[in-house]
Amino acid sequence: MKAKWTWFLLAPPLALALVFFVVPVVYLFWVSLHAASSSELYGAALTLRNYADVLGDSFYLGIVRRTLGVAAVILGLCLVVGYPVAYFVALLPPRRRMLALLVLLFPLMVSNVVRAYGWVALLERRGVVNTTLRDLGIIDAPLDLLYTTSAVVVALMTILLPYMVISIANTLAALDRRYEEAAQALGAGPVRTFLHVTLPLSTPGIASGTLLVFLLTLSAYVTITLLGGPRSKLLVSLIYDNVTAFQWPRAAALAFVLLALALAFTGLLLALLRPGRVQGAGR
Amino acid sequence: MTAANPADVQLVAVRKRFGAVTAVDDVSVDIARGSIFSLLGPSGCGKTTTLRLIAGFEQPDAGDVFIRGARVTSVPPYRRDFSMVFQSYALFPHLTVAENVAFGLRMRRVARHDRARSVAEALDLVKLGTLADRYPRQLSGGQQQRVALARAIVVKPAVLLLDEPLGALDKMLREEMQVELRSLQQRLGITAVFVTHDQEEALTLSDRVAVMRNGVIEQIGGPREIYDRPRSAFVASFLGASNFVAGTVVARDASAIVVETPAGRVAAHGDRRVADKVHIAVRPERLRMERGGASGLPAHIRDIVYRGPVTHFYLDSAAGPLIAYRQDARAGDFTIGESVQCTWDPDSAVVLDEAHA
């Protein structure tokens, strides 16, 4: 009886997911297994050439490597900058914590495009940063700040940082402070209490924050396009390029490479951090 | 404190405020080495704050804390020689049973080899040797309690602090653990400070009990002393049911006084002058009912409640309602509505310092 109701309630979202997600993904995979065609979406012949091209071409592999590199740097920065902020936010009383999280979320309320042009205004050759540095006499000629991978990294990091902070802060705020007291009662000072107790117990937040930041980095497009130069293209830009060149099957294959990267990273992360061993363990 | 039995924990005129509330007010205690000391009282009486002051999780606003003779008032918890069993156990969920127990030894930088041996010994002591590789969430409440205990005793602390450690267990398991805890503590010779709101638990476990109320220690003494010789109505009623009778002293001798109550004259233990107004307390199990006797307070039985090992008799007298417990009461022994005389040994009636609140 109970099971029946569960299925009844689950049916609409499951049907939606099936029709609008599972079916298109399967279809996209089908597309990726064909040669390109000048008149149709994809050619008639079945082939693995799209995958062979992507995985055998040093250009593509270089971009995959760059994509992973950019994601790793952003992730590292978000963790290093985000954890202390999250720790501080989690210590606030509930009302102020709410307020702090809202302030952190504020940048996300501004459109992606507007935010990217904001960076342009800051970083361009006659932008705020270069003008200020020249006025201060620190530089003579303007620096090439815009259209670099660094610009992409900094801009993405500022967007993605709130995801990391909020994920970790929520875990830390829900953490029973008795664990830290128990560690102190057993002779652990502040540093070792943090390393042996607080940090491992916050792995669920670290895991969800890391996943969000990594997956959003993989799928970011506007920021990369507007702030990155031709030499800071990432996998997403490549997919777009192939679509606009009517190379639909190759674009589909690239999409699956991206999906495989995301899945592999998720699996690796869960295996490494094992957030499950902490979750659902009240006492 | 004598040199033979030095105090492992001393609180000297300790005071702690939280905002406008004084949680602990001028508390001084000496806790002898190798004894179990209980802080007993209702919630909000300051017993847990007192424990946390010993641990160093709270800083006193005034007064001093000593552990093994060393002043630790401003020493952080992790440098104090104690360990603690928390009410919710606070077992580290990401560590196995063995890793939980080893935690304190790791923090004390005990070599890996010695650590493993001590952990195995501690787990054997609490009969959990076979569960070393489980995670806390895979254990029952009673088992988690034992792990928390093993984790606390393995570091051989100067003092073991226990914050209502048995509160989350059901009654049967709790009574079993009380006996086990007591025997473990005596075997290891640990000094323990025990916080509880359960008077039976305090009486069962403790060498000495401090009854707290509103941040103040009302009375300190051995279990028998605080049960049989309560100094205040609060202590008398917190440690179990009591009969309170008010009256005036009309005669006295070396060991007892005679008190005139509205219902008649009764004897009590205490030192008061003639014409003093007094309140006396008598435990229900010390109150005897007699048929047709000449002495004691006349009363009639309002209700009889059978409770298995004891039967409770609710009585009305001119001095107020009374209650009597009788073991081994047979059916038809006494009946509702019957008139009886209530008496007690003078030694069983205690003169209180203050009136019944």
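The values are calculated or read from the model by the stated rules, or taken from the named source; none is laboratory data. Since the model is a prediction, treat every value here as computed from it, not as a measurement. Cβ: placed from backbone, ideal geometry, glycine included. Neighbour counts: every protein chain shown. When the accessible area is computed, the model is the full protein with side chains, heavy atoms only, and any ligands, DNA or RNA have been set aside. Shrake-Rupley method; radii C 1.70, N 1.55, O 1.52, S 1.80 Å.
The set of residues from segment B:240-262 being part of a loop (DSSP other than H, G, I, E, B) and surrounded by fewer than 19 Cβ atoms within 10 Å (Cβ to Cβ) comprises B:Gly240, B:Ala241, B:Asp253, B:Ala254, B:Ser255, B:Pro262.
With respect to the conditions (1) of a type outside the set (S, T, N, Q); (2) more than 12 Å from chain A (Cβ to nearest Cβ); (3) in contact with a helix residue (DSSP H, G or I) (Cβ under 7 Å, 6 or more places away or on another chain); (4) not in a helix (DSSP H, G or I), B:Gly167 lacks only one, and its number is (3).
Here is a check on your reading of the model: is A:Gly69 free of Cβ contacts under 8 Å to residues at least 60 places away in the same chain, out of contact with any Lys or Arg (no Cβ under 7 Å at 6 or more places or on another chain) and under 25 Å from A:Ser150 (Cα atoms)? Here the answer is yes, as A:Gly69 does meet what is asked. Here A:Ala251 fulfils each of the conditions (1) part of a helix (DSSP H, G or I); (2) more than 14 Å from chain B (Cβ to nearest Cβ); (3) more than 17 Å from A:Ile63 (Cα to Cα) apart from (3). So is B:Ala7 hydrophobic (A, V, I, L, M, F, W, C), touching an Asp or Glu at 6+ places or on another chain (Cβ under 8 Å) and at pLDDT below 95 or not? So B:Ala7 fits the description; yes.
Scanning segment B:61-95 for residues that are among the hydroxyl-bearing types (Ser, Thr, Tyr) and more than 10 Å from chain A (Cβ to nearest Cβ) yields B:Thr73, B:Ser74. For first residues located in segment A:210-227 and closer than 22 Å to A:Val165 by Cβ and touching a residue at least 24 places away in the same chain (Cβ under 8 Å), partners that are of a type outside the set (A, V, I, L, M) and surrounded by 24 or more Cβ atoms within 10 Å (Cβ to Cβ) and lie 6+ apart or on another chain with Cβ distances below 6 Å form the pairs A:Val213/A:Cys78.
Here is a yes/no grid of residues against (1) closer than 30 Å to A:Trp30 by Cβ; (2) free of Cβ contacts under 8 Å to residues at least 24 places away in the same chain; (3) exposed (fewer than 13 other Cβ atoms within 10 Å of the Cβ); (4) over 23 Å from the mean Cα position of the chain (by Cα):
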residue: A:Thr47; (1), (2), (3), (4): yes, yes, no, yes
residue: A:Gly56; (1), (2), (3), (4): yes, yes, yes, yes
residue: A:Leu75; (1), (2), (3), (4): no, no, no, no
residue: A:Gly82; (1), (2), (3), (4): no, no, no, no
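Could you please find all residues in segment B:113-153 being farther than 15 Å from B:Glu99 by Cβ, within 14 Å of chain A (Cβ to nearest Cβ) and of a type in the set (Val, Ile, Thr)? Result: B:Ile153, single match.
Across segment B:205-218, which residue is most open to solvent (accessible area, probe 1.4 Å) among those that are β-branched (Val, Ile, Thr) and over 8 Å from the mean Cα position of the chain (by Cα)?
Looking only at segment B:205-218, we keep the residues that are β-branched (Val, Ile, Thr), and these are B:209, B:211, B:216-217.
Okay, now just the ones that are also over 8 Å from the mean Cα position of the chain (by Cα), so B:216-217.
Working: B:Val216: 60, B:Ile217: 37 Å².
Here the answer is B:Val216.
When residues in segment B:219-239 are screened for being outside any helix (DSSP H, G or I) and free of Cβ contacts under 8 Å to residues at least 24 places away in the same chain, 3 of them pass.
Look at (1) crowded, with 16+ Cβ neighbours inside 10 Å; (2) within 14 Å of chain B (Cβ to nearest Cβ) and you find that A:Leu272 fails only one, number (1).
The strands (runs of 3 or more DSSP E) found wholly in segment B:265-357 include none carrying at least 2 residues that are in contact (Cβ under 8 Å) with a residue 60 or more places away in the chain, of a type outside the set (Ser, Thr, Tyr) and farther than 19 Å from B:Leu239 by Cβ.
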